[in-house]
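Computed from the coordinates by the stated procedures, all read-outs in this text should not be read as laboratory data. The structure displayed is predicted, hence computed values, not measured ones. Note that we place each Cβ from the backbone using ideal geometry, even for glycine, and neighbour counts take in every protein chain shown.
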Ligand code: ADP
Ligand code: ZN
Ligand code: ZN
């Protein structure tokens, strides 16, 4: 007697199928079992979702069904909690369950057959935790840390640890993790971090703290920079319960951890927690869901929380849902936050990139053997090349954007599609040989600083060393580590870079941080731009003065044409709460998140007309849906995206808004069918792809 088994497989994202297929097996299978199944000519990895019953009982013609090829018996089935998480994510972010489930598993698992997997597991072996760790070393906690931990232990959460940069949040995370591990022989903790380039430092701290007690296997990492083999090993260790701590980027939220008891989301405000391909999930939001559903404690941490989390952590009496833990002071008796200094660029020489007072401050740092960090959010030498005679500009022929001039290899590079060409000898339109760079990027900033500092020497008589860190300088494996090492070892006097250097790093000798041109974001049409700017500047300021033995007064410099802007005023006072309050007031008046819920429907086609036609047709078809689904739903007209064309593909989007999350969810789910039908209409011929983005970050 055979059984019908429903199996999740990876189905092309835009097919109408949900990714659940039915197969036969000679006996029922436990839900969550991993199997290999045939699909067309291929054999795929699948996850058993359910045993549906027997074909005869369901009046199904079983001759049309194919049998499961193999069951991966060496692995314990994925548990109900994991399946619920995947099911929720698929439903909430409007993707197929099969797609989300298979994307949540390590890629290499898809390529191994049962024999290969068994071999792998044998090789990995089972390492038992060496002891229960009551001997975990720790530092003496500050009063604020002790207070935060006491509240954490006394309440259920979820928690938002709102702590200044350098207030010892990581220490709190480690302490709570140690508590958990010391009181259970199997409990697991998931620690999430935003960026791959920050993981090594955190990983080292956690390993140094926990491996001596629990063994090398106890702490594993999970991020896309790892080799597929290492990633699979980490996953297997987490799934088997052998790994007690998983450190990872957003993908780690889906890790199968049967004994999960604690989730930490460090730098919870960071946009990289939101996926921008496939299912566009927010790992932070899923962490909250997972914690709630699995009865797991969740602690978010940040010096500049997202406005959503800040709002959720308002007082209980006002409807708050998170417990806010506050650590306002930096660790160390003399450690104070940097003093914020604004240079009014209206009173500086025109077009100057580094103002005289800022240069002076940098020179003083060099003379004292201290380091400075100067950042500018634009890589390359200049954002545009330009001909003054005819007005030609270095547009990308494939995108609605300019190609950036990179002086180092004399190329024009498109940062959107990658199209790269050598710089022309003369203007391509009029032949004028005198084409000039317009605007500034990090390469030019580095060159300019080098010129300004040629006459300056270090206390040891050596010339000044300026290093640049951005996506260009770190393209090769190991180069970032090498450059960071130069900074840490003190070889570098001035560090130049993009926001890549502003976040997370624990630089001990930096006593001055400067943002040379932060104003752009003040007047952006994106309602989240001020929030991102404030947090970036606050994080950048957090890189300065981290070691009270080097300086007692560090500085954060801002070159601005709007020195009295309220955002800078709040920054000067390091006053995130008042900044957040003013932003929340504005958003409330404007009916923006977190006071409303949004989704975007995005489309791509060869022409803008087709891209928009799909959106408008889908919107038109929505009006024919039952009225109950449309109450409290606002559909906005289709518009081109800010950069409308990338790599010869035209992009458009449409905003859907509701004051009710439930109403929005109900509408989107019902709309899926309409979208698939719309896509098949003649006016949508030529549509390349479409996707729904729930809770989008960039609008
Ligand atoms: P955050 O994560 O809030 O930026 P960290 O946890 O990285 O802060 O702490 C900043 C620095 O202070 C680190 O070098 C850390 O080792 C040190 N530190 C943290 N807590 C203590 C403590 N209780 N006593 C001494 N040093 C501490
Ligand atoms: Zn010209
Ligand atoms: Zn391009």
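Of all beta bridges that DSSP places with both ends in the chain, some 55 percent have antiparallel geometry.
Using 0.36 nm per residue and subtracting the Cα-Cα separation, the extra length available between residue 662 and residue 699 on full extension is 11.2 nm.
Alpha-carbon geometry of the range 137-242: the Rg and the Dmax are 14.7, 43 Å, given in that order.
Across the alpha-carbon set of the range 549-656, the Rg to Rh ratio works out to 1.20, Rh being the Kirkwood radius. Only alpha carbons enter this Debye calculation for the chain, each as an equal point scatterer, and the log10 of I(q)/I(0) it gives at q = 0.10, 0.11 Å⁻¹ is -1.13, -1.35. Panel order for 661, 666, by other beta carbons found within 10 Å of each beta carbon, from fewest to most: 661, 666.
Can you tell me the orientation of helix 114-124 relative to the chain, as the angle in degrees between its alpha-carbon axis and the longest Cα principal axis, to the nearest 10? The angle comes out near 50 degrees.
Against the chain, whose longest principal axis comes from its Cα atoms, helix 479-489 is set at around 50 degrees. Rounded to the nearest 10 degrees, the inclination of helix 80-92 to the longest alpha-carbon principal axis of the chain is 70 degrees. On full extension, the segment bounded by residue 642 and residue 123 gains 181.8 nm, given 0.36 nm per residue less the C-alpha separation.
Rounded to 0.05, the FRET efficiency of the residue 317 and residue 680 pair, given R0 = 56 Å and the Cβ-Cβ distance, is 0.60.
Would you please classify the overall shape of the range 313-418 from the alpha carbon gyration tensor, given that a ≥ b ≥ c denote the square roots of the eigenvalues, rounded means a/c under 1.5, and beyond that prolate means a/b larger than b/c while oblate covers the rest?
Oblate, because a/c is 1.5 or more while a/b does not exceed b/c.
Summary of the geometry: the range 607-681 and the range 216-250, compared by the centres of their Cα atoms, lie 39 Å apart. Going from the fewest other Cβ atoms within 10 Å to the most, the residues 535, 275 appear in the order 275, 535. Kirkwood analysis of the Cα pair distances in the range 644-699 returns a hydrodynamic radius of 13.2 Å.
Starting from 0.36 nm per residue, how many nanometres of slack lie between residue 569 and residue 39 once their C-alpha separation is accounted for?
Stretched out fully, the residue 569 to residue 39 stretch lengthens by 184.7 nm.
Once both labels are positioned 7 Å from their Cα atoms along Cα-to-Cβ, the gap between residue 182 and residue 201 label points is 2.7 nm. Ellipticity at 222 nm from helices only: DSSP H runs of n ≥ 4 in the chain, each -39500 (n - 2.57), divided by the residue count, give -9500 deg cm²/dmol.
A simple spin-label model places pseudo-atoms 7 Å from Cα toward Cβ; at residue 632 and residue 229 they are separated by 5.3 nm.
Classify the range 20-83 as rounded, prolate or oblate from the Cα gyration tensor: take a ≥ b ≥ c as the square roots of its eigenvalues, call it rounded if a/c is under 1.5, otherwise prolate when a/b beats b/c and oblate if not. Please report the intermediate quantities before stating the final value.
Values: a/c = 2.08, a/b = 1.32, b/c = 1.58.
Cα axes put the range 20-83 in the oblate bin.
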